[in-house]
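J.: Following this message is one structure expressed as structure tokens.
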Amino acid sequence: MQAMTRRRTILFLNHSASRNGASLLLLHLLQWLRANTDFRLEVLSDGGGPLIDEFRAVAPTQVWRNPLFFLRGFTHPKAVALRSRLEAWLLRLSLRPHYDLVYANTAATWRQVAALGARGGALLWHIHELPYALGLTLADERARALLPSAARVIAVSQPVARSLSAGFAVQHERVDLVHGFVPMREAAAGPTQATRRRILHELGWPEEAFVVGACGAPGWRKGSDLFLQLARRAQRPDGSPAPRFLWVGGATGADADAEAQRFAHDLQALGLGDACRRVPSTAQVDDYYCAMDVFALPSREDPFPLVMLEAAVHALPTVCFESSGGGPEFVGDDAGIVVPYLDLEAFGQAIDALRADPPRRRALGAAAQRKVRQHHCIETQGPKLLRSIERCLAAA
């Protein structure tokens, strides 16, 4: 009688359960794996967030809250070393004695990766960061020490793959290129137009407004300061109708972080008033895409932004900077316009050109939508991630 095959257990490490691109991608991957494999899936989330219940609906999910956080203020080398050993011991104590695979999602999970050590049979590391963010999160020396320990590394774009091999000692043979993906949604024209009218009404903007949208947590890397400069450039001295600028993302009120406060300060200081708005991060972000005519991606560094793909689902062309990461890789010459790095005048001219040429704008948006449907859905990218998982399991 043939012996039954043992179910393999995979621990997924996630840096947070907030509504960010990397966490959403992992959530969609877990849903697909649960439906298409017999793996035993477990999740360790470094803190809670609005997505935690959705993770728990897919797989057993433990929220890790470091009980030694109060020791972070001690900077003496001996205290730091002792704290690190204690943190690792407490983390290992809370988990299974062994996993067939540890799947680390983003560089920000490095503490858990270092703590688990040989607890997993193999390590698969999904890197969503380019050198600037990777250096801030992991530090170059630590990155060069930890990344080579992974059996395989997944890069979300060509620029990420190149930086891992060139700058962080990861052999290119161990790097799997797997682009990001988003759920595909079908929306009837009537309901979409009704949603657009509702959102514009809520914003106090006229139905004929031309809306330039952006999405994500405000910050230097995402170029939210550049977005405000684009909004200022677009204003018309003669008072003629100008584009409206809408940023979706970040928190407000007591929960607003420093970047959101800087955005609010500059918005007021620039006197943009009704011309530019920011609404906080929301699960109903699709409603706001319906109100946009062009998607602006003013990021200085962005590995492969899912917001760009979400915009493409809604047939929005993207304007982005060259040499900024995965944006130009997706946009190419048919899904939007790529302009020289940090050239705000060229960026603004691209927006003006798309506003003045609706047929071209629709053609570029349709091409972006086709790209997402054909290449950036779970049906095309899920099997690639599964192959990376299986290769690691086979080598363990």
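The values are calculated or read from the model by the stated rules, or taken from the named source; none is laboratory data. Keep in mind the model is a prediction, meaning the values are calculated, not measured. A quick note on method: Cβ atoms are made from the backbone with ideal geometry, for glycine too, and the neighbour counts reach across all protein chains shown.
J.: Restricting to the stretch 108-135, give me the number of residues that are over 22 Å from the mean Cα position of the chain (by Cα) and of a type in the set (D, E, K, R).
T.: Count: 1.
J.: Moving on to the next point. Kindly indicate whether any position in the stretch 136-156 is closer than 30 Å to HIS265 by Cβ, part of a helix (DSSP H, G or I) and not assigned by TED's automatic domain parsing to the domain that holds LEU29.
T.: no
J.: From LEU164, LEU138, grab the single residue that is over 30 Å from ALA291 (Cα atoms), at pLDDT below 90, crowded, with 20+ Cβ neighbours inside 10 Å and under 25 Å from the mean Cα position of the chain (by Cα). Can you show your working first?
T.: Working: LEU164 fails: at pLDDT below 90.
Answer to the selection: LEU138.
Rundown of residues vs (1) under 27 Å from the mean Cα position of the chain (by Cα); (2) part of a loop (DSSP other than H, G, I, E, B); (3) in the same structural domain as LYS371 (by TED's automatic domain parsing); (4) free of Cβ contacts under 8 Å to residues at least 60 places away in the same chain, yes/no style:
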site	(1), (2), (3), (4)
ILE199	yes, no, yes, no
ALA214	yes, no, yes, no
PHE227	yes, no, yes, no
SER240	no, yes, yes, yes
TRP247	yes, no, yes, yes
ARG262	yes, no, yes, yes
ASP266	yes, no, yes, yes
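J.: If LEU116 passes every condition in (1) under 20 Å from GLN381 (Cα atoms); (2) surrounded by fewer than 24 Cβ atoms within 10 Å (Cβ to Cβ) but one, which one does it miss?
T.: With (1) under 20 Å from GLN381 (Cα atoms); (2) surrounded by fewer than 24 Cβ atoms within 10 Å (Cβ to Cβ) applied to LEU116, the lone miss is (1).
J.: Follow-up question, since we're still on this one. If I go through the stretch 288-305 residue by residue, how many of them are farther than 14 Å from LEU226 by Cβ and within 19 Å of the chain's Cα centre (by Cα)?
T.: 6
J.: Right, next: Of the numbered conditions (1) in contact (Cβ under 8 Å) with a residue 40 or more places away in the chain; (2) buried (at least 21 other Cβ atoms within 10 Å of the Cβ); (3) within 23 Å of the chain's Cα centre (by Cα), VAL331 fails exactly one; give the number of that condition.
T.: Among (1) in contact (Cβ under 8 Å) with a residue 40 or more places away in the chain; (2) buried (at least 21 other Cβ atoms within 10 Å of the Cβ); (3) within 23 Å of the chain's Cα centre (by Cα), the lone unmet condition for VAL331 is (1).
J.: Is it the case that ALA312 is more than 21 Å from ALA242 (Cβ to Cβ), buried (at least 24 other Cβ atoms within 10 Å of the Cβ) and not acidic (Asp, Glu)?
T.: Yes: the conditions hold for ALA312.
J.: Could you please let me know if GLN284 is over 30 Å from THR37 (Cβ atoms) and surrounded by fewer than 23 Cβ atoms within 10 Å (Cβ to Cβ)?
T.: Working: over 30 Å from THR37 (Cβ atoms): yes; surrounded by fewer than 23 Cβ atoms within 10 Å (Cβ to Cβ): yes.
Criteria met by GLN284.
J.: Which numbered condition in (1) part of a helix (DSSP H, G or I); (2) under 25 Å from ARG142 (Cβ atoms); (3) at pLDDT below 95 is the only one that LEU26 fails?
T.: Condition not satisfied by LEU26: (3).
J.: Right, here's the next one. From the list GLN381, GLN369, which residue is modelled with pLDDT of 95 or more, assigned by TED's automatic domain parsing to the domain that holds SER157 and within 21 Å of the chain's Cα centre (by Cα)?
T.: So the residue among GLN381, GLN369 that is modelled with pLDDT of 95 or more, assigned by TED's automatic domain parsing to the domain that holds SER157 and within 21 Å of the chain's Cα centre (by Cα) is GLN381.
J.: It is to be established whether one or more residues within the stretch 175-187 are in contact with a helix residue (DSSP H, G or I) (Cβ under 8 Å, 6 or more places away or on another chain) and on the phi > 0 side of the Ramachandran plot.
T.: No: the stretch 175-187 contains no residue that is in contact with a helix residue (DSSP H, G or I) (Cβ under 8 Å, 6 or more places away or on another chain) and on the phi > 0 side of the Ramachandran plot.
J.: Identify the single condition in (1) crowded, with 21+ Cβ neighbours inside 10 Å; (2) in contact with a strand residue (DSSP E or B) (Cβ under 8 Å, 6 or more places away or on another chain); (3) of a type outside the set (A, V, I, L, M) that ARG174 does not satisfy, given that it satisfies every other one.
T.: The failed condition is (1).
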